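Working notes, structure below.
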Amino acid sequence: MELGMSNVTRRQFLQWTAAVGTTGFPLTGRGSSGRVVVIGGGVGGITAAKSIKKAAPSLNVILVEQKKHYSACFMSNEVLAHSRSLESLRFTYDGLWKYGITVVNQSAVAIDAAVHKVILEGGAVLEYDRLIVSPGIDLRYDVIVGYNRRVAEKLPHAWTSGDQIGLLRTQLEAMQDGGTVLIAAPKNPFRCPSAPYERASQIAWYLQRYKPKSKIILLDAKEIFSQQALFMEAWRALYGFGTQNSLIDWHPASEEGTVTRVDPDAMAVYSGELDTVTKGAVINLIPPQMAGMIARTSGLTDDTYWCPVNKTTFESTKAKDVHILGDACNAQDMPKSAYSAASQAQCVAAVVVSAMSGVGEIPLFTHLNACYSILGQDWAISTVGVYRSNSTGTILQSVEGSGGTSSPGAGATQRKHAVEYAHSWYQNITHALFT
Amino acid sequence: MLFVWVGAVLMTTGVVAATLGGDRLPGVCAGCHGEEGVSAGSATPTIAGTKTETFVQRMRDFKTGNRTATLMDRIANGYTDDEIGRMGEYFSKRPFERAQQPTDRAMAERGKHFAEQYCASCHEEAGTVDDGRPGILAGQWLSYLRFRLEDYRLGVDRIPKKMRLGIESILHEAGVEGLESVLQFYASQK
Ligand SMILES: Cc1cc2nc3c(=O)[nH]c(=O)nc-3n(C[C@H](O)[C@H](O)[C@H](O)COP(=O)(O)OP(=O)(O)OC[C@H]3O[C@@H](n4cnc5c(N)ncnc54)[C@H](O)[C@@H]3O)c2cc1C
C-alpha cells in the first residue's frame, strides 16, 4: 500500500500526456546523441549528471530538481552546537549550467517507464533514453501514532532540510536551562545511521556550554547502533556518560526505547511495551523513513518502501532503463550516506554512458563510503567501507579485510586531525557538487 | 587459447575505459581528495602529480601499518595491487595544483633558509618535484604538512635518517617556530 498519495495509474498518465502534449518542453530529439533525465538534484543526482556530461559531452542531460536551493544534511548537526551557520549548508544550482547540464526547477510528478516519459508538475513531459532517480527520502507518518506533517513543525525531525535544522536550533536556544531534550531514533535502515548519535553529541556540547543543568534522553528503536563503542567512549570522556550527571541517557529498544505514539500538546512521547511516557522541552523525533515520493508513486518501491535495484547497474528491478541511487535504493551493505550516493552515481554514470554508446559490458565498479562524525571539541571518528558487487547484480558487499571504524583509544592527536579532515571532506564534496 | 582470451578481455576493458573518458576507479576518492586528486579541502592532501611509485609505496605502507593514518589504512585494505597500480598511474598524470592558502610571508622567508640547508637535498626545487619518492611539498595544504611532521615526531612512520636529523637541527636552532617556518615556506609556493 502506498502512503499519502494514490498511485498514478498508467491510464491517468496517458490521459495527462495526451492533454498537455509534448509541447510543454522543448525536445531535442533522442537520436544518436540521446537524452538522460535525472530526477533529484541532491548528492546522487548532481554527481550522476556531472559524471555523465564529463564522460560523454554529446549526451543531452537534464536535471529535474523541485527546490531552488540545496540544503545539505551532512554537517548540519554542527549548526546545533553553534559551530556552523545555516547559510554554509545552502547551495544554488547556478554552477551546473557551465557543464552543459540543463537544470529544470520543477517537481517531477510521474514516471511512465513503459513509454520512457517523465511528467513535470507544470504538465510538461520529458522523454528520456535513460532515467536516473535520486529523490532521497520521505518521512513515514504512518508508524508513530499521533505523528504527522503538522506535528513535525512542533517536534522537528531536522532530517531533510535547512528549515527543520533551523527550527530545532531555535527551540534549543529558547529552552530554559534544566530542560530535557528528547531525541527519538528509528530502526534501520534510515538515512545516515550514525547521525542521530552525532546529533546527540553536538547537542550535548551545546548544553554543556550554555545550559549545563539540561540533559538529553535518547530513545532508540534499536538494540545497538553504528559505531556504538566509539560514541560511548566519547560520551564518557566528554559528557559524563555512565555517571549520575551524564548529559546523555540512552535507552535501547529493550529498555522502552521504541517510540509508538506522541502527544504534541503535552510535549510527551510514549514508548516501549509498558507505554512509558517521557516529556521533553524540545523533542527531536526522527521517524522511520522511505524512498522519496516519486519513487513510490511510480511503482519503483517494494514492500520495504525502498527501491529494489540490480546491485551492479542500479537499474530498477521493476522498470527497464530506470536507475535508482542514493538513499532511495536498497544498496545492501552500503549505508545511506552522501558518500555512498556519490559513489553509486559514478557507477551509474559509467553504466549509462557505456550502454548509450553501445559498449556493452563494463568492469565491476569498486564503491567507497566514508562518514565522519564530530562528537565535540577536537574529537571526530569515522567509518569507511569499500564495496563490490557480483556480476549478476544480486550482491553488493564489503570487500573482505577492508573498511571499519576508527579504533577506540585512537589517541587525541588522531581524533583532532580527524576533525580537520572531516571539515576538509565537506569542502571537497560540496566543491565537487556545486562549483 | 587461454592467453588469447585474456588478451581479448584486456582489450575490451581498454576500449571501455577510453569510451568513458578514463578509468572509473579513482573517481570515488574525489570526495576527500578533490576532483582529479586536487584537494579543495584545507586539510586532506592533494594526491595528484606524485609519481606512481610514490603513490603505490604509500598505499602499501597504509596497508601494512607503516604509515600513520586516521583512516587511509582501512581504505587501502580494500584495493588489490592491480587497482592500486592503476590509481597510481591515473593520479601521476594529473597536475598537482598548488593550494591557494594564506601563509605568513616573513616566516616563509625565514623558512626558506632552513629548507635550503636541511631539506633541499631530497625535496628538490623548493619541494615542487617528486624525485626519489619524497612526494610534493610545494603548495600542499599547510594543515596536512603539519600533521605529517607531527606523525613523524610521534614515530610510527619510517623516515630517512637525514630528514630526521634535519628536523632535529631546526628544532634545536629555532624551536617549533623554526619548523613551522619551513612548512610556511613550502606551503607558500605559488
Ligand atoms: C543529520 C544528518 C547528517 C548526515 N551526515 C552525513 C555525513 O556526515 N556523511 C554522509 O556521507 N552523509 C551524511 N548524511 C546523509 C546524506 O545527507 C544523504 O545520504 C544524501 O543526501 C543522499 O543523497 P540523495 O541524492 O539520495 O538525496 P538528497 O541529497 O536528499 O537529494 C534528493 C533531491 O531530490 C529532490 N527531489 C525529490 N523528489 C523530487 C521530485 N519528485 N522532483 C524533483 N526533485 C525531487 C529533493 O529536493 C533533493 O534535492 C547525513 C544526513 C543527516 C540527516
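The values are calculated or read from the model by the stated rules, or taken from the named source; none is laboratory data. Here the structure is a predicted model, which is why all the values come from computation and not from measurement. Because the Cβ atoms are built from the backbone with ideal geometry, glycine has one as well, and the counts that use them run over all protein chains shown.
The table below lists the values:
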{"quantity": "Lone unmet requirement of (1) of a type in the set (Phe, Trp, Tyr); (2) over 19 Å from A:Thr435 (Cβ atoms); (3) touching a strand residue (DSSP E or B) at 6+ places or on another chain (Cβ under 9 Å) for A:Tyr70", "calculated": "(2)"}
{"quantity": "Members of the stretch B:78-127 that are within 20 Å of A:Thr366 (Cα to Cα) and among the acidic types (Asp, Glu)", "calculated": "B:Asp81, B:Asp82, B:Glu83, B:Glu89"}
{"quantity": "Residue that is at positive phi and within 14 Å of chain A (Cβ to nearest Cβ), where the choices are B:Gly37, B:Gly41, B:Gly127, B:Gly27", "calculated": "B:Gly37"}
{"quantity": "Close pairs (8 angstrom Cβ cut-off, 6 or more residues apart or separate chains): within 14 Å of another protein chain (Cβ to nearest Cβ) and farther than 19 Å from A:Ile39 by Cβ in the stretch A:90-109, within 15 Å of the ligand (Cβ to nearest atom) and aromatic (Phe, Trp, Tyr) anywhere", "calculated": "A:Gly95/A:Phe434"}
{"quantity": "Test: residue in the stretch A:249-265 that is within 24 Å of A:Gln164 (Cβ to Cβ), within 25 Å of the chain's Cα centre (by Cα) and among the basic types (Lys, Arg)", "calculated": "yes"}
{"quantity": "Single unsatisfied condition, B:Ala69 versus (1) out of contact with any Pro (no Cβ under 7 Å at 6 or more places or on another chain); (2) away from chain A (no Cβ under 11 Å); (3) within 29 Å of B:Ala126 (Cα to Cα)", "calculated": "(2)"}
{"quantity": "A:Ile395 outside the structural domain of A:Pro308 (by TED's automatic domain parsing), at pLDDT 95 or above and more than 16 Å from the ligand (Cβ to nearest atom)", "calculated": "yes"}
{"quantity": "Identity of the residue in the stretch A:252-279, surrounded by 18 or more Cβ atoms within 10 Å (Cβ to Cβ) and hydrophobic (A, V, I, L, M, F, W, C), that ends up nearest to A:Ala221 (Cα to Cα)", "calculated": "A:Val259"}
{"quantity": "Any strands (runs of 3 or more DSSP E) falling wholly within the stretch A:337-435 and containing at least 1 residues that are more than 7 Å from chain B (Cβ to nearest Cβ) and closer than 23 Å to B:Val38 by Cβ", "calculated": "A:366-376"}
{"quantity": "Test for A:Leu155: is it touching a residue at least 24 places away in the same chain (Cβ under 8 Å), more than 12 Å from the ligand (Cβ to nearest atom), assigned to a helix (DSSP H, G or I) and hydrophobic (A, V, I, L, M, F, W, C)", "calculated": "no"}
{"quantity": "Residue satisfying condition, being of a type in the set (S, T, N, Q), in contact with a helix residue (DSSP H, G or I) (Cβ under 9 Å, 6 or more places away or on another chain) and more than 16 Å from the ligand (Cβ to nearest atom), within set A:Ser337, A:Ser357", "calculated": "A:Ser357"}
{"quantity": "Answer from A:Leu86, A:Leu80 - the residue that is buried (at least 17 other Cβ atoms within 10 Å of the Cβ) and either more than 12 Å from the ligand (Cβ to nearest atom) or aliphatic (A, V, I, L, M) (or both)", "calculated": "A:Leu80"}
{"quantity": "Residue list for the stretch A:142-167, filter: under 18 Å from the mean Cα position of the chain (by Cα) and within 20 Å of A:Lys279 (Cβ to Cβ)", "calculated": "A:Ala152, A:Pro156, A:His157, A:Ala158"}
{"quantity": "Residue match in the stretch A:16-24 (condition: at pLDDT below 95 and touching a Lys or Arg at 6+ places or on another chain (Cβ under 8 Å))", "calculated": "yes"}
{"quantity": "Any hit, the stretch A:326-334, residues being more than 13 Å from the ligand (Cβ to nearest atom) and touching a residue at least 40 places away in the same chain (Cβ under 8 Å)", "calculated": "yes"}
